[in-house]
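Reading through the structure tokens given below for one structure.
The values are calculated or read from the model by the stated rules, or taken from the named source; none is laboratory data. What you see is a predicted model; the values in this text were computed from it and never measured. For neighbour counting, all protein chains shown are included, and Cβ atoms are generated from backbone atoms with ideal geometry for every residue, glycine included. Areas reflect the complete protein model, heavy atoms only, side chains present, ligands, DNA and RNA absent. Shrake-Rupley method; radii C 1.70, N 1.55, O 1.52, S 1.80 Å.
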Amino acid sequence: MTRPVAIVTGAASGIGKRMALSLHRAGYRVVAVDLDAAGLERLSAEHGWATERDVVSRVLDVRDVAGWDAIVALAVERFGRLDALLNVAGFLRPGYVHETEPSSFDLHLDINVKGVMYGTRAAARQMIRQGHGHIVNVASIAGLSHTPGLSAYCASKHAVRGFTLSVAHELVHHGVAVSVFCPDAVETPMLTLQEAHPEAAMTFGARRALTLDEVERALHRVLAERPLELVLDVPLSGRALGARLGNLFPKLISVAVDRIVQQGLSVQKRRLGDVSPVRD
């Protein structure tokens, strides 16, 4: 009963799926949540979770405040406590601002920002009662600088980063650590959906995307070391440094944007099999 307990959102695919499985293998008791009920069912069937005492999978819309309270209550009722929350669930839809439907703005802010806020709030209340815990909010390298073509996503990840850094100082005196994880593009379904969108060219500006193995190792490091922030890019790519410089000197870095976009378009074309990215 001393094994740690973690809630992982976005557990049906991508980073969330990898971390739910990885934490379970590492000895955690896991509450895996996602809005994708079918995806959770497939995951549960593939890994025998239906008969596994140390894993619970539940459908959760991260925009649902009451749903968050219920998931935290479930973790505590089932396993006795909550040691870690990994806020992984996210939404991305490429688009230039003048062509973006208002509903897309709403989804970016409701899922990426409010979902993280609601989850952090629910977990923090339980962790304060316990006197310990760790909340990890997944932002993005796009949360450090500007990303034309993904302006709504970029804004949401800036918000996640600012929120997390602020909350970390609120909770540290209660024994609760809060970390923000800012990876570059990761080889997940979210990256694949951007391939055909020239608006998303900056996403592909590095020579390759991060692998799930690299992200998994980095997140285990976050859980072990509890840094305030960890930025992860492809080794020797310089993308993290470029993002930090873009945050400090936005006008100066803007001169490099066109070059990065052109490089990204070439990568998109290669990933699509020499078919140029097209607009919807």
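A few remarks follow.
- Label-to-label distance for Glu187 and Ala66 is 4.3 nm, based on points extended 7 Å past Cα in the beta-carbon direction.
- Across the chain, the convex hull enclosing all Cα atoms gives 128 Å³ per residue.
- Potential lengthening between Asp110 and Glu216 on full extension [0.36 nm per residue; Cα-Cα distance subtracted]: 35.6 nm
- The listed peptides 167-177, 122-132, ordered by packing as a protection proxy, come out as 122-132, 167-177 (highest mean of other Cβ atoms within 10 Å first).
- For Arg121 and Ala224, a Förster radius of 25 Å and the Cβ-Cβ distance give a FRET efficiency of 0.50, rounded to the nearest 0.05.
- Counting only residues at least eight positions apart within a chain, or on another chain, the aspartates and glutamates with an alpha carbon under 12 Å from that of Lys269 are Glu195.
- Straightening the chain between His173 and Lys269 buys 29.6 nm, computed as 0.36 nm per residue apart minus the Cα-Cα spacing.
- Cβ-Cβ distance of Arg207 and Glu101, R₀ of 30 Å, FRET efficiency by 1/(1 + (r/R0)^6): the value works out to about 0.35.
- Taking N as the residue count of the stretch 6-69, its C-alpha radius of gyration divided by 2.2 N^0.38 Å amounts to 1.01.
- A cut-off of 5 Å between modelled amide H atoms, ignoring neighbours fewer than 5 places along the same chain, links Ser57 with Ala32.
- Within the accessible area of the stretch 65-210 (1.4 Å probe), percent carbon and sulfur: 60
- Sorted largest first, the principal axis extents computed over the alpha-carbon atoms of the stretch 166-280 equal 53, 33, 29 Å.
- With Cα atoms, 0 to 90° folded angle of helix 14-25 axis to the chain main axis: 30
- The phi-based Karplus calculation (6.51 cos²θ - 1.76 cosθ + 1.60; θ = phi - 60°) puts the 3J(HN,Hα) values of the stretch 34-44 at 6, 6, 7, 5, 5, x, 5, 5, 5, 4, 5 Hz, whole numbers, x for Gly and Pro.
- Summary value for the stretch 58-146: 42 percent relative contact order, contacts being C-alpha pairs under 8 angstrom separated by 6+ residues.
- Principal-axis tilt of helix 151-171 within the chain, Cα atoms, nearest 10 degrees: 40
- The stretch 205-280 - accessible surface per residue (Å², probe 1.4 Å): 63
- Once the Kirkwood radius over Cα pairs is known for the stretch 83-209, the Stokes-Einstein relation at 4 °C and 1.567 mPa s delivers a diffusion coefficient of 85 µm²/s.
- Rounded to the nearest 10 degrees, the angle from helix 257-271 to the longest Cα principal axis of the chain is 70 degrees.
- Relative to the current alpha-carbon distance between Leu236 and Ala73, full extension at 0.36 nm per residue lengthens the span by 54.3 nm.
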